[in-house]
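Some notes on the structure that comes next.
The values are calculated or read from the model by the stated rules, or taken from the named source; none is laboratory data. Small disclaimer: the values here were computed from a predicted structure and weren't measured. Every residue, glycine among them, receives a Cβ derived from its backbone with ideal geometry; neighbour counts consider all protein chains shown.
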Amino acid sequence: GAVVSQHPSWVICKSGTSVKIECRSLDFQATTMFWYRQFPKQSLMLMATSNEGSKATYEQGVEKDKFLINHASLTLSTLTVTSAHPEDSSFYICSARVRSSGVSFTDTQYFGPGTRLTVL
Amino acid sequence: QKEVEQNSGPLSVPEGAIASLNCTYSDRGSQSFFWYRQYSGKSPELIMFIYSNGDKEDGRFTAQLNKASQYVSLLIRDSQPSDSATYLCAVRGVYSSASKIIFGSGTRLSIRP
């Protein structure tokens, strides 16, 4: 399967600071990447869809000014949590769409290993 | 009604038996169906995808799709303790924007030795 990496794998920061998380597709070009958040024992929650070279599309209820997404190249998307607070502590996971050689509904989606954010 | 529904479990299955995980979806026009496995504290891992009605087998895993009943299932044969995880059903619908996949909330599977 396709390989997606994330960096850092974990981060601890003080309240009020900003944290940047990188998501890279290592062996393919990802025109579309997705950012998810998952709280302990809860389901995945899609935060936003990121398309290379354009503005991200945020899900309802997700503050776009707080969670800045940049998808500047076909292999890199970044999520910046601005002015992080303890309630932003969560497991952030990116995912990349892998284009198939056929029609688009056969595209698959692979996940990065996730970044565990703890805000003190 | 949730777009993708799964029984949250836990589903407890003895080692060596067949584990059967079920999922229903609401968008009748959905075309792509995926099963992911997520171990505690880890990110989801794609294990199967299916597009056509019927069965698709890959090793100990079999995905079954019935579009008329809007039902997709995952069978795990010869269950092992390492299969204990949360299994996420995911569906790409016709009307989902940007081809995003809709995830169910997952079924927790426990294989008892």
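Residue by residue, here is whether (1) among the acidic types (Asp, Glu); (2) farther than 20 Å from B:Phe103 by Cα holds:
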{"site": "A:Ser25", "(1), (2)": "no, yes"}
{"site": "A:Tyr36", "(1), (2)": "no, no"}
{"site": "A:Ser50", "(1), (2)": "no, no"}
{"site": "A:Tyr92", "(1), (2)": "no, no"}
{"site": "A:Arg97", "(1), (2)": "no, no"}
{"site": "A:Ser101", "(1), (2)": "no, yes"}
{"site": "A:Asp107", "(1), (2)": "yes, no"}
{"site": "A:Leu120", "(1), (2)": "no, yes"}
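Condition first: away from chain A (no Cβ under 14 Å) and either surrounded by 18 or more Cβ atoms within 10 Å (Cβ to Cβ) or under 19 Å from A:Thr106 (Cβ atoms) (or both). Now tell me which residues in the stretch B:76-94 satisfy that.
Passing the criteria: B:Ile76, B:Ser79, B:Asp83, B:Ser84.
Test B:Gln38 against the stated conditions and say whether it is within 27 Å of A:Thr57 (Cβ to Cβ), in contact with a helix residue (DSSP H, G or I) (Cβ under 6 Å, 6 or more places away or on another chain) and either surrounded by fewer than 17 Cβ atoms within 10 Å (Cβ to Cβ) or within 14 Å of chain A (Cβ to nearest Cβ) (or both).
The answer is no for B:Gln38.
Just one of A:Ala72, A:Ala84 is of a type in the set (Gly, Ala, Ser), part of a strand (DSSP E or B) and more than 30 Å from B:Ile47 (Cβ to Cβ); which is it?
Matching residue, one of A:Ala72, A:Ala84: A:Ala72.
Within the stretch A:39-58, which residues are more than 8 Å from chain B (Cβ to nearest Cβ) and under 25 Å from A:Ala72 (Cβ atoms)?
Matches in the stretch A:39-58: A:Met45, A:Met47, A:Ala48, A:Ser50, A:Glu52, A:Gly53, A:Ser54, A:Lys55, A:Ala56, A:Tyr58.
When you look at B:Lys56, is it over 27 Å from A:Thr115 (Cβ atoms), touching a Phe, Trp or Tyr at 6+ places or on another chain (Cβ under 9 Å) and within 14 Å of chain A (Cβ to nearest Cβ), yes or no?
When the stated conditions are applied, B:Lys56 passes them.
If I filter the stretch A:25-45 down to residues being part of a strand (DSSP E or B) and surrounded by fewer than 23 Cβ atoms within 10 Å (Cβ to Cβ), which single residue comes out as nearest to the chain's Cα centre (by Cα)?
The extreme case among them is A:Arg37.
Taking the condition modelled with pLDDT of 95 or more, in a loop (DSSP other than H, G, I, E, B) and out of contact with any strand residue (DSSP E or B) (no Cβ under 8 Å at 6 or more places or on another chain), does A:Ser101 pass?
Numbers: modelled with pLDDT of 95 or more: no; in a loop (DSSP other than H, G, I, E, B): yes; out of contact with any strand residue (DSSP E or B) (no Cβ under 8 Å at 6 or more places or on another chain): yes.
Spelling it out, it is not the case that A:Ser101 is modelled with pLDDT of 95 or more, in a loop (DSSP other than H, G, I, E, B) and out of contact with any strand residue (DSSP E or B) (no Cβ under 8 Å at 6 or more places or on another chain).
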